[in-house]
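Presented below is the structure to which this report refers.
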Amino acid sequence: MCASVRGMLQPGPDSPTARTTPSRHADRASYAIDSARAILADALVGHLGVLGPDGWPVVLPVAVAPDGDRVLMHGSTGSRMFRSLAGGAPACLTVTHIDGLVLARSAFESSMNYRSLVVLGTAESLDGAEKEVALHTLSDHLAPGRWDLLRPMRAKEVAATTVLALPLSEFSIKSRAGGPADPEDADWPVWSGQLPIGMFAGALIPEPGSADRPEPQPPTGINPRGV
């Protein structure tokens, strides 16, 4: 592994558990809470896994937002997954950012640069004022500054929404950065290097009557207008 990768993966203050200790590339792992928060700060979507009533695993994409030492998620009260999680079912949440393709001189040595977070635990269903604050936090994470401009949520809309908080008490991070690690293939006659990849916001598409309103800003971690 290249020195740049080793340098960014110093172990954090938190310790791994048996379930969060990787069996491969342990040198790419980290357990620092600040690193977990940083990955979540740049995330819009995570993949939430739970065992269904028939024993089969179910994994669905959900909007996520960091909130201190926990992750917020929301869904319909009619969702079987959210009802199960609100009832105390164990959960696994994964968030991944692909930062680039690592194009080596062989298919075997080619890879990706990435930041990945896996959180294990039991989510808490939020109610009352805490639930409304969490909805504000989710909204402002996905669309910064819009909560105070929007029509206030109606009581029936709040009642129809389940808000879950998953604690960052058991998690692991794996990441990779840098170019190919294939010095033995240095003479092979093919282009080799990195192809950076990132998310960006396209041009706004306003609804009728919105063109003269202040324009919304993209979420943190999303480059505005492809800049």
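Summary of values
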{"quantity": "Considering residues of the stretch 78-124 that are within 14 Å of ALA181 (Cβ to Cβ) and part of a strand (DSSP E or B) only, the residue nearest to the chain's Cα centre (by Cα)", "calculated": "ASN113"}
{"quantity": "Any hit, the stretch 110-126, residues being of a type in the set (D, E, K, R) and surrounded by fewer than 16 Cβ atoms within 10 Å (Cβ to Cβ)", "calculated": "no"}
{"quantity": "Strands (runs of 3 or more DSSP E) contained entirely in the stretch 125-227, each with at least 1 residues that are at pLDDT below 95, out of contact with any helix residue (DSSP H, G or I) (no Cβ under 8 Å at 6 or more places or on another chain) and of a type outside the set (A, V, I, L, M)", "calculated": "171-176"}
{"quantity": "Matching residues, the stretch 81-94, being more than 20 Å from VAL158 (Cβ to Cβ) and either touching a residue at least 40 places away in the same chain (Cβ under 8 Å) or surrounded by 12 or more Cβ atoms within 10 Å (Cβ to Cβ) (or both)", "calculated": "SER84, ALA89, PRO90, ALA91, CYS92, LEU93, THR94"}
{"quantity": "Some residue of the stretch 18-34 being in a strand (DSSP E or B) and either more than 17 Å from LEU166 (Cα to Cα) or modelled with pLDDT of 95 or more (or both)", "calculated": "yes"}
{"quantity": "Candidate set: the stretch 144-170, residues that are more than 29 Å from PRO224 (Cα to Cα) and among the acidic types (Asp, Glu); chosen: the one nearest to the chain's Cα centre (by Cα)", "calculated": "GLU170"}
{"quantity": "VAL59 vs. criteria at pLDDT 95 or above and surrounded by fewer than 17 Cβ atoms within 10 Å (Cβ to Cβ)", "calculated": "yes"}
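The values are calculated or read from the model by the stated rules, or taken from the named source; none is laboratory data. Keep in mind the model is a prediction, meaning the values are calculated, not measured. For neighbour counting, all protein chains shown are included, and Cβ atoms are generated from backbone atoms with ideal geometry for every residue, glycine included.
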